[in-house]
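A.B. asks: One structure, pasted below without further comment.
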Amino acid sequence: MIGAKPSAAKRSPAPKAAQGQFIASIVDEVTRETVKTVAAELGRQSPKIQEGGAEDILRLINTNEPPGILIADISNDEDPIGAMDAIVHLCGFETKIVAIGLINDVALYRRLIDLGASDYLVKPISAQMLSNALRQPARRHGREPLKPKVSRLVAMVGARGGVGATTLAASVAWSLSQELRQKVVLLDLDLHFGSLALSLDIEPQRGLREIFGNPDRIDSLLINAAATTVGDRLRLLAAEEPLEESFEVGQAGLDVLMAELAGDTDVVIADTPRAMSPISRYVLGMADMIGIVTELSLPAMRDTQRLLRLITGLRGKAPVAVIGNRLGGVAGEVGRADFERGIGAKIDFHIPFHLKTALSSVERAKPLAEVARDPKITAELRRLAVALGPSEAAPKASIVQRVLRK
Ligand SMILES: Nc1ncnc2c1ncn2[C@@H]1O[C@H](COP(=O)(O)OP(=O)(O)OP(=O)(O)O)[C@@H](O)[C@H]1O
Ligand SMILES: [Mg+2]
C-alpha cells in the first residue's frame, strides 16, 4: 500500500480542501484527547480521530474530497517516510498535514517537511503547540512538487574507528567510475580529520569550506575550483581545515551542493564521520544507500546494532548494507552467526583482511579495488560497488535488490 503511488488523477489538488474534514490517527490516548480538544477549539463539528498510526490514516482519506487538516502519529510506523509520502500523494497540495512522533531529530523533521508535512511535533504535545502548528500557513501551498534528485547519495560510515570506511568509500568510487563508467564524486564530510585525500595522495583544494560556509554562492564554478580530478569520471571534494578553527558542515550547504552536482554526477559517495554530528545524522536520514562498514569485534557489533537502530528511527526501513571488512584480521572476532544475531541483520558483504592488498593500496595511494589482485577480494569489492551504485549501473538488477532490506 505504502509503496504504491496513486494515479495522477487522484493527486490533483482539491480547491476546497482548506474547509475539508479534520482527520487524525493517533497512537496514544493522551495525545488523542489533546487533538480532540484542539478540534473542538477550531469549531470542528465531527472530526474523525481514530486510534492508530500514519499508515492507518490512509483508509480515512477520501481522494475526491481531501481533508482540510490531517494529523498523523508516526510513532509506531515501521516506514514513517513511506507513509507520509503516500499521505501527501493521496491528499494533494492543500491539506494541512501535521506529523506527530517520538523522535526528536532534525533529519527526520526535514524529511517530513520536504515530503509535504506542514510541521512535525515531538510528544508530549500540548493543545497550544498543536493549535499553533495548525495556524501556520501550509508550507506546501502552491509549491511545485520537489524535483527528483538526480545524483545518488551513498553514505559510507564506519561502526568503529579504523574499520576501513574511508578505504571502501574510495574503492567503491573507483569501481563505479572505472569499471561501471559512472560519474562519481567522492565527498569527505570530515573537513578537519578526513583522510580520503591523503589516502589518494591528493592535496585538498581550499574550496570545500567555502562551499559549506556560503551555500548561497555555490555554483558549478565554485565546485570545479574545489574538486580535484582523481581519474576519468572521478572527482574528489575534501578539505584539511586547521584544527584551531571550528567549523560545522551545514545541511543547507549539502542540499545545495547535491542540487548543483545533480547535472553532471551520477553518484556522490560521502565518507561520513562516525561522531554523530548533525550532518552525519542528516546524511544517514536522507542517503539513497547507506554502507555500514564494520569489523567483527564485540564493540563493532554493538555499534553496528546502534547505527542500524538510529537509521531505523530516522527513516523506518532504509536501504542499508552491512559490510564486514578486515575479516579474519582482528583479535577477538565474534563468530559470524553470533554477530548477525547481535545486530539483528545479515552481513551483506564479506571482505577479508588482506595485508598485501592494503599495503599496496597505501604505498601506491590507489584505491583498494584498483590494486587488488586476489580474486576473492576483487570479486567482493566489485559486488559491493554494484550493489551501492545506481541500479542502471548494475549488470543485473537482482543483485541490488538482494542487498536492500525489505
Ligand atoms: N580489507 C582490508 N584488509 C587489510 N587492511 C585493510 C582493509 N581495509 C582497510 N584496511 C586498512 O585499515 C586501515 C584503516 O582504514 P581506513 O582509514 O579506511 O578506516 P576508517 O574506518 O576510515 O578509519 P577512521 O575511523 O580513521 O576514519 C588502513 O590502514 C587500511 O589500509
Ligand atoms: Mg576514515
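A.B. asks: What net charge is computed for the residues neighbouring Gly213, neighbours being all others with C-beta under 14 Å from the C-beta of Gly213, Lys and Arg scored +1, Asp and Glu -1?
C.D. replies: -2
A.B. asks: If r is the Cβ-Cβ distance from Lys356 to Ala259 and R0 is 45 Å, what FRET efficiency results, to the nearest 0.05?
C.D. replies: 0.60
A.B. asks: In addition: Would you mind telling me the antiparallel percentage of the DSSP bridges in the chain, rounded to 5?
C.D. replies: Antiparallel: roughly 5 percent of the beta bridges in the chain.
A.B. asks: For Arg110 and Ala225 in the same chain, what is the full-extension length gain: residue separation times 0.36 nm, less their Cα-Cα distance, in nm?
C.D. replies: Value of the extension gain: 38.4 nm.
A.B. asks: Cα atoms only, the stretch 251-334: Rg and Dmax in Å?
C.D. replies: Values for the stretch 251-334 (Cα only, Rg and Dmax): 14.7, 47 Å.
A.B. asks: Right, something else. Order the peptides 254-265, 124-135 from the highest to the lowest mean number of other Cβ atoms within 10 Å of their residues.
C.D. replies: Ranked from most to least packed, the peptides come out as 254-265, 124-135.
A.B. asks: Could I ask something else about it? Given the stretch 152-393, what percent of its DSSP beta bridges are antiparallel, to the nearest 5?
C.D. replies: Looking only at bridges with both residues in the stretch 152-393, the antiparallel portion is about 10 percent.
A.B. asks: Here's a follow-up. How long, wide and thick is the chain, going by the Cα atoms along their three principal axes, in whole angstroms, largest first?
C.D. replies: 74, 50, 45
A.B. asks: If I take R0 = 30 Å and measure r between the Cβ atoms of Gln19 and Lys317 in this structure, what FRET efficiency does the formula 1/(1 + (r/R0)^6) give, to the nearest 0.05?
C.D. replies: It comes to 0.25.
A.B. asks: Just the number, please: Stokes-Einstein D of the stretch 93-138 in µm²/s, Kirkwood Rh from C-alpha pairs, 20 °C, 1.002 mPa s.
C.D. replies: In µm²/s, the coefficient rounds to 198.
A.B. asks: In debye, nearest 20: dipole of the chain around its Cα centre with unit charges on the Cβ of K, R (+) and D, E (-)?
C.D. replies: Using Cβ point charges on Lys, Arg, Asp and Glu, the chain gives about 1120 debye.
A.B. asks: At R0 = 45 Å, how high is the FRET efficiency between Arg364 and Glu245 if r is their beta carbon distance? Nearest 0.05 is fine.
C.D. replies: For Arg364 and Glu245, the calculated efficiency is 0.90.
A.B. asks: How would you rank 59-72, 352-365, highest first, on the average number of other Cβ atoms within 10 Å across their residues?
C.D. replies: 59-72, 352-365
A.B. asks: How far is it, in nm, from the label point at Asp338 to the one at Asp201 when both lie 7 Å from their Cα along the line to the Cβ?
C.D. replies: Roughly 4.2 nm, to one decimal.
A.B. asks: Between Ala127 and Glu33, 0.36 nm times their residue separation minus their Cα-Cα distance comes to what?
C.D. replies: 32.9 nm
A.B. asks: Turning to a different aspect of this structure: How large is the accessible surface of Tyr282 in square angstrom, using a 1.4 angstrom probe and rounding to the nearest 10?
C.D. replies: The accessible area of Tyr282 comes to roughly 10 Å².
A.B. asks: Tell me what the chain gives for mean residue ellipticity at 222 nm when only DSSP H runs of n ≥ 4 count, each as -39,500 (n - 2.57), the sum divided by the residue total, rounded to 500 deg cm²/dmol.
C.D. replies: -11000 deg cm²/dmol, from helical runs alone.
A.B. asks: Hey, can you rank 92-100, 204-212 by average C-beta count inside 10 Å, highest first?
C.D. replies: Sorting 92-100, 204-212 by mean packing, highest first, produces 92-100, 204-212.
A.B. asks: If I fit a long axis through the Cα atoms of helix 355-364 and take the longest principal axis of the Cα atoms of the chain, what angle between them do I get, 0 to 90°, rounded to 10?
C.D. replies: 90 degrees
A.B. asks: Ignoring ligands, DNA and RNA, what percent of the 1.4 Å accessible area of the chain is carbon and sulfur?
C.D. replies: The C+S portion of the solvent-accessible surface of the chain is 50 percent.
The values are calculated or read from the model by the stated rules, or taken from the named source; none is laboratory data. Quantities reported herein were computed from a predicted structural model and do not represent experimental measurements. Cβ sites come from the backbone with ideal geometry, for glycine too, and all protein chains shown count toward neighbours. Just so you know, the surface numbers come from the protein's heavy atoms only, side chains and all, with ligands and any DNA or RNA stripped out. Shrake-Rupley method; radii C 1.70, N 1.55, O 1.52, S 1.80 Å.
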